[in-house]
Structures are given as structure tokens and as C-alpha cells.
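The values are calculated or read from the model by the stated rules, or taken from the named source; none is laboratory data. All figures in this text were calculated on a predicted structure; none of them were measured in a lab. Don't worry about glycine lacking a Cβ; one is built from the backbone with ideal geometry, like all the others, and counts go over all protein chains shown. With ligands, DNA and RNA removed, areas are computed over all heavy atoms of the protein, side chains included. Shrake-Rupley method; radii C 1.70, N 1.55, O 1.52, S 1.80 Å.
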Number of protein chains: 2
Amino acid sequence: MSERIPETETGQDQSGGLRQRKRRENHNRIAATGLKLFIDNGFEATTLDMIAEAAGISRRTFFHYFKSKEEVLLARETRDFPDALRNGMMKMRHHVAPWPAAIECLLTLASRYETRDSFAIDRLLRSTAALRARKCAFYEELEQVLGEAMDELWPAPEQQAAHRVIAMAAIGVLRLALDDWRRESAMYPVAHYLQNNLSVIESQF
Amino acid sequence: MSERIPETETGQDQSGGLRQRKRRENHNRIAATGLKLFIDNGFEATTLDMIAEAAGISRRTFFHYFKSKEEVLLARETRDFPDALRNGMMKMRHHVAPWPAAIECLLTLASRYETRDSFAIDRLLRSTAALRARKCAFYEELEQVLGEAMDELWPAPEQQAAHRVIAMAAIGVLRLALDDWRRESAMYPVAHYLQNNLSVIESQF
DNA sequence: TAAAATATTGCACTGAGTGCATAAAAATAC
DNA sequence: GTATTTTTATGCACTCAGTGCAATATTTTA
């Protein structure tokens, strides 16, 4: 097999021993080849055997890296974005109120969605009922994370319901903005659509 | 093709020929026995063979009635509630604004959730990641339906974004209310928790 | 270099879901 | 009534996702 794969990749793969490096390399390679196959052949038409073979591992080993086929598609977004949202929100201590804090946070993070793969991934996420459902669950997770961050920033048990409502509204605006962004084929940056939808919500209540 | 389909709708199973009656009976029986098995043994531990045998049909025939195991669990809610929501909303013509219309509609429909099976079904819907995701998707469908009803009631293309935001907020409040209702083991009717959460949202924006 | 820890693999298995061909049953035509 | 057509039920064989287990290979450590 191939010995050292320098792997400049997006983030550093410099740390740990041989084991950890290999693990990360395998993980990245499986995710990358899997995504490519999904884009080329569709999600359902891509079998685990195809992914395993293309990634140079055995079928059985695949499951030491991902617990399902879906996870290959969702891994990055599902892992990175919630953390980024939480961290981003916790930096908003200077705000006196949750709503403007959440908005500023989302405007900062919106650009994370503007990657070249976004469209292809979203197409895939709409291609089956199970994946569409996962996408919804992902947004619900964001609501959860955002609400909890607010609870930490403005600790007051009687405010938690309000925090959840605000988080729902904020993530709702994000969803609408991303829909618009894709509908208009990324004509403007995501932040632009976010602003548009914000003005809608603020004129309503 | 089928000639007369009297369609008594949700209620009586009196209509149609022998074929239609049998079909409905089988459908109901599979759903009922399936749900019972899910409650008793858990969703994953219940196999299609168990359901088929308990319902007195062959495994293969199961798939002429439901396209997946999940559908057995989701069939009723996913079919009835969206229609009820749409119909309920269309009756709110006398309202001048979407938000109070949606709220009155939800307050009317809330009692639909107060069935004896609600708790058991919800427990099941939380038991696996796939089912949790389906539940989210269900609420998203409600948002969609509600938003479209508003578009029909107050036709104005430039208002559609506002309608979607209002629908998201309304369904969001419903979700929070149902969570509260279950958390407090149905101490008060759903409408009570709905009112509580409404006051939260209306004090925020 | 030896021993312990961890990763990889193959094999056999369960269970969901589908395609296809055939038999049974119901609706319709005669 | 019987013949015909349409719809439904079933069995069989298959693909594919995912898991448990045991054996092998690789990395770490002692």
C-alpha cells in the first residue's frame, strides 16, 4: 500500500504517533472518497463495498471509522458546525441580550457554509427521506446548542424557555437564508440573505 | 380502476366493496399490532416477521401496506395531522393577520395530541437517531403546510417569507408546548402549555 | 527483543427492503 | 351462473447495511 501520504489537507495532521496519524488519514480518505462516490453515483447507489474498495480498506474496517453510511455524508457538518456555533456564541458576552448576540454570531458563522461542496451535499441531503430528516435533526441540534449557550451566558432558570424560542427563531432565519442562498445559486453571500430574513422577522413581532 | 369511492374519511369503515374494506382492515390491523409490538419490545427489537405474523399476513404482503417499518409508527400522525392543520388553518379566514390565526388554529388542534398512545409513541420516537430525525422532519412538514395555507389565505408574493417565519414560530411554540406537556406528564392540557410559551414569544420580539 | 495494546480483516449472521413469478380472490363482463 | 380481467397475496431469491466474533497484523511500551 501507499506508505506516507503527506496529507496537507485543510487542517494539521502533525500530532500524535503513527497510529493517530493513520487513523486521521483513513478517516479523511474514507470521507472524501465516499463523498465523491455519492456525488457521482447518488447516495443509495453507492454501496459500502464501493467506498471501502475506493478508500483501500476492507468493508469491515469501514465500520471502525463510521458507524453508518449516512455518517460519512454528515460527519463534517454535524461535527464542526455545532461546536463552532457554541464557541461563536460564547464569544458574544459583550451583548446584553440574547437575540442580537445570536444574530451577530450567525452572521459571523454564515460564511462557513460557503464551500464548493455545499451545493452537492445539499442535493444529496434532499435525495432521500431519511437524509432530509437528518438535515432537520441537524438544525434542531443547532437550536439546542444555541439555546444552551444562552443559558450559560445569561443564567436565569426562568429565562430558559425564552432562550429556546430565540434560538428557534435564529436557526429558523438561518434555514430560510440558506434556502434563499441556494435558490439564487449563491448570487450573494449567505450573510446577505440572513439580513433579508432578519428584517422580515423583526417586522412581524 | 376503482369506481365509486364514497370515502367516509377518517371515521367509519363502511364504504366501498369487499376489497377496499379488507384493505383498510389490514392496514389498521398491521398498524395496531405493529405499534403494540414496538411498545412491548422496542422499535429495533421488533422485526418485520414478528409484525407480519402477529397481523396474520405474509412478510411480503407487509410491504404492500407500508413501505417501511418506520412508516408503521409514523403513518397516523404524518397523515392526519398535516391535513388537519391545513383544514383548520383555512377556516381562519375571519382573521386579519396570520399570526393570531395560526395561534387560534393550534389551540384548536392541540387536543389532537392528547391521546393515550401519545406518550408511548413519543418514547419510541426518541429511541433511535433515525426516528428522532423523522420527528423533526414531521414538524418541518407542519411548518411547510402552515406557511402554504397562509399563502393561500393572504395571497401576496412579497409576504411569503413572512409567512414562513410566522409558521416556524408557531410550530416552534407547538414543539415547546408538547415538550412541556410531556415533561409534566400531561398535568394540564396541551393548550395550557401552548399559552405559556406564547406569552414568552410575544414578550421577546 | 518481548509483551501488551490496538487496528485490520474475514466470515458468518440478522434483518430490511425489492423484483419477479405465481396463485388466490374479488370485481366485472357475458 | 360462468368466464374474464383486475387486484391482491404469497413465496423465493436476491442485494445491501450493519454486527459479533475470532484470528491476524501492526504499533506502542516495557
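Looking at (1) assigned to a helix (DSSP H, G or I); (2) among the β-branched types (Val, Ile, Thr); (3) open to solvent by less than 30 Å² (accessible area, probe 1.4 Å), which is the only condition B:THR46 fails?
So the condition that B:THR46 fails would be (1).
Which of the residues belonging to region A:119-141 are closer than 21 Å to B:TYR139 by Cβ and touching a Lys or Arg at 6+ places or on another chain (Cβ under 9 Å)?
Residues satisfying the conditions are A:ASP122, A:LEU125, A:ARG126, A:ALA129, A:ALA130, A:ARG132, A:ALA133, A:LYS135, A:CYS136, A:ALA137, A:TYR139, A:GLU140.
Residue pairs, Cβ under 8 Å, 6 or more apart or interchain, first in region B:97-124 and open to solvent by 20 Å² or more (accessible area, probe 1.4 Å), second of a type in the set (Phe, Trp, Tyr) and at pLDDT 90 or above. List them.
The qualifying pairs are B:PRO98/B:TRP154; B:ARG112/B:PHE81.
Of everything in region A:154-166, what is open to solvent by 20 Å² or more (accessible area, probe 1.4 Å) and touching a helix residue (DSSP H, G or I) at 6+ places or on another chain (Cβ under 7 Å)? Give them in sequence order. Working first, answer last.
The initial filter retains those residues of region A:154-166 that are open to solvent by 20 Å² or more (accessible area, probe 1.4 Å), namely A:154-161, A:164.
Listed by number, the residues that qualify are A:TRP154, A:GLN160, A:ALA161, A:ARG164.
Yes/no matrix, rows are residues, columns are (1) modelled with pLDDT under 95; (2) more than 11 Å from DNA strand D (Cβ to nearest atom); (3) under 30 Å from B:TYR193 (Cα atoms):
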residue: B:GLN12; (1), (2), (3): yes, yes, no
residue: B:PHE38; (1), (2), (3): no, yes, yes
residue: B:SER58; (1), (2), (3): no, no, no
residue: B:SER68; (1), (2), (3): no, yes, no
residue: B:GLU77; (1), (2), (3): yes, yes, yes
residue: B:ARG86; (1), (2), (3): no, yes, yes
residue: B:MET89; (1), (2), (3): no, yes, yes
residue: B:GLU114; (1), (2), (3): yes, yes, yes
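For region A:55-82, name all the residues that are more than 14 Å from every other protein chain (Cβ to nearest Cβ), part of a helix (DSSP H, G or I) and within 13 Å of DNA strand C (Cβ to nearest atom).
The answer is A:ALA55, A:ARG59, A:ARG60, A:THR61, A:PHE62, A:PHE63, A:HIS64, A:TYR65.
Got a number for residues in region B:114-173 being under 27 Å from B:PHE38 (Cα atoms), among the polar types (S, T, N, Q) and within 17 Å of the chain's Cα centre (by Cα)? Let's see the steps before the verdict.
At the first step, the residues of region B:114-173 found to be under 27 Å from B:PHE38 (Cα atoms) are B:114-142.
Filter once more, keeping what is among the polar types (S, T, N, Q): B:115, B:118, B:127-128.
Subsequent filtering for residues that are within 17 Å of the chain's Cα centre (by Cα) retains B:115, B:118.
The qualifying residues number 2.
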